[in-house]
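Colleague: Sharing a structure with you now.
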Amino acid sequence: MVVVVGTVLILAREEVVAALLGMMVELRGLKPRFLGAAEAVQDTILRERPGTVIIDCDHPDCRDALVESIMRSGAVPILFSPFRMQAEVRSVAARLGVKSFTLPTDVGTFARMLDS
């Protein structure tokens with residue numbers, strides 16, 4: 001299985017949030033990838049082989065099975081939310097054994113998420 005470390009798939013419910021995260025990914029020298037309207041998440045992960053998948057907790061496809069599938073693919077899932085409280089997102093992430101952050105966040109904190 002080949003995982004492309006420099007590619008970060010961003011699954012955000014809102015386009016403006018996805019664009020903001022994409023810019024932050026580019027600042028780290030990585031390539032953001034966004035899901036097209038007709039693309040299935042699982043198919044995109046298998047085809048693109050991203051190193052990291054950033055998932056909005058409120059994205060329609062955000063389920064335990066997706067997070068597990070991402071991990072099986074060799075990618076690192078990171079949960080985030082622009083609306084939920086940090087403690088709530090952290091609790092879900094801890095249950096799944098993944099990293100998380102909430103928006104707003106600073107570039108340094110975001111970079112540490114991608115680097116670790």
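The values are calculated or read from the model by the stated rules, or taken from the named source; none is laboratory data. As the structure is a computational prediction, the values presented were derived from the model and not from experiment. Positions of Cβ are generated from backbone atoms using ideal geometry, with glycine treated the same way; all protein chains shown enter the neighbour counts.
Colleague: Taking Ile10 as the residue in question, decide whether it is in contact with a Gly (Cβ under 9 Å, 6 or more places away or on another chain) and touching a residue at least 12 places away in the same chain (Cβ under 8 Å).
Modeller: Taking the combined requirement at face value, the residue satisfies it.
Colleague: What's the number of the condition Phe80 fails, among (1) surrounded by 15 or more Cβ atoms within 10 Å (Cβ to Cβ); (2) within 18 Å of Ile45 (Cβ to Cβ); (3) touching a residue at least 24 places away in the same chain (Cβ under 8 Å); (4) out of contact with any Phe, Trp or Tyr (no Cβ under 6 Å at 6 or more places or on another chain)?
Modeller: (4)
Colleague: Assess whether Leu103 counts as being at pLDDT below 95, under 17 Å from Leu21 (Cα atoms), surrounded by 13 or more Cβ atoms within 10 Å (Cβ to Cβ) and not hydroxyl-bearing (Ser, Thr, Tyr).
Modeller: Criteria met by Leu103.
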